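Worksheet for the structure shown next.
The values are calculated or read from the model by the stated rules, or taken from the named source; none is laboratory data. These figures come from a predicted structure and were not determined experimentally. Note: ideal-geometry Cβ built from the backbone for every residue, glycine included; neighbour counts use all protein chains shown. Please note that ligands, DNA and RNA were not included when accessible areas were found on the heavy atoms of the full protein model with its side chains. Shrake-Rupley method; radii C 1.70, N 1.55, O 1.52, S 1.80 Å.
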Amino acid sequence: MIYDILTLPAYEFLRNAFILSALASISFGLIGVFVVVRRIGYLAGAISHCAFGGVGLGLWLKKIILLGGFGLLGKLGSPSLKNLSDFIDPTWTAVGAAVLAALLIGVIRRAFAEREDTLIGIVWSVGMAIGLLFLDKTPGYASSSSVSSYLFGDIILISRHDMYTVAFLAVLVLVVTACCFKKFQAICFDEEFAKMRNIPVNFYFQVLLVLTAITVVLMLRVVGMVLVIALLTLPGATAAQMTRRLGPMILLSIILCFLASWLGIFLGTVFNVSVGPMIIVVISMIYILVCIVKTNFLRLCRLGRSAGQTP
């Protein structure tokens with residue numbers, strides 16, 4: 001019955017949301033585990049705010065070119081200007097800004113280790129400020145839903161083009177991670193050992209940051225910039241409560257992200273509330289439940305051992 005409903009043309013938006021969340025869950029769960037194990041959630045936060053600077057730049061360019069603001073390609077409203085404006089996608093400018101931020105953060109960590117937190121905090125705030133300044137100069141975007149969709153997510157209203165973009169970026173993250181998996185594992189669990197094995201730690205850490213940047217951009221349309229850190233870290237943190245082996249941890253993280261996304265979309269649609277926050281509430285409840293079950297299980301195990309040792 002659910003399949004019959006989703007195949008109706010009127011429910012294409014909901015079908016696209018389910019497909020996009022399934023595709024994005026692979027990247028979220030995969031990179032999220034490395035973020036949790038390496039404890040770089042604060043770096044992901046800085047990258048997400050810089051990505052919003054790219055969103056502001058993309059929206060500004062799109063609108064200014066459409067209005068002929070640069071005196072390009074003829075008079076206002078010409079077909080050439082319209083085509084060029086359609087070609088500009090804020091998602092790709094966000095990717096560029098996020099990758100640039102990841103590279104900059106990598107340089108800061110190597111060159112200014114003692115002041116790393118302060119300098120990354122500056123990058124965090126400046127990236128957000130740049131995005132807001134571009135939005136201030138973007139005609140008609142002061143209270144646009146396009147802006148709020150990047151801030152708070154709007155997975156229900158994603159287009160087929162958005163879905164293709166997410167699919168491409170998800171495959172890119174998956175392929176690069178598969179090629180560098182052993183190196184990522186080494187730098188996340190034992191960086192000193194990796195250096196002894198002559199693994200270029202700084203290079204692979206930089207690659208991991210770039211993949212994190214791409215994953216952050218994927219999340220902007222799912223849960224938005226405000227909640228991006230939660231979806232990046234909670235599935236991995238939940239999986240880490242269930243196993244200490246990296247392979248099973250990644251698989252569990254992807255499954256948890258997938259289930260939370262689908263359940264969040266379903267509940268958000270049923271109760272007519274924002275889907276992004278609902279996804280975060282669902283994965284948060286799963287995390288709390290797993291922690292409670294694990295704590296009680298360990299307590300019972302300790303009691304069992306104590307009872308067995310009692311003469």
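Residues in region 53-67 that are buried (at least 23 other Cβ atoms within 10 Å of the Cβ) and either at pLDDT below 90 or β-branched (Val, Ile, Thr) (or both): 55, 56, 58, 59, 60. In the set (1) surrounded by fewer than 21 Cβ atoms within 10 Å (Cβ to Cβ); (2) at positive phi, the condition left unmet by residue 224 is number (1). Can you say whether residue 249 is within 24 Å of residue 38 (Cα to Cα), open to solvent by 90 Å² or more (accessible area, probe 1.4 Å), of a type in the set (A, V, I, L, M) and in a helix (DSSP H, G or I), as far as the supplied structure shows? No, not satisfied. Answer yes or no as to whether residue 178 is among the small types (Gly, Ala, Ser), surrounded by fewer than 21 Cβ atoms within 10 Å (Cβ to Cβ) and part of a helix (DSSP H, G or I). Considered against the rule, which asks whether it is among the small types (Gly, Ala, Ser), surrounded by fewer than 21 Cβ atoms within 10 Å (Cβ to Cβ) and part of a helix (DSSP H, G or I), residue 178 comes out as yes.
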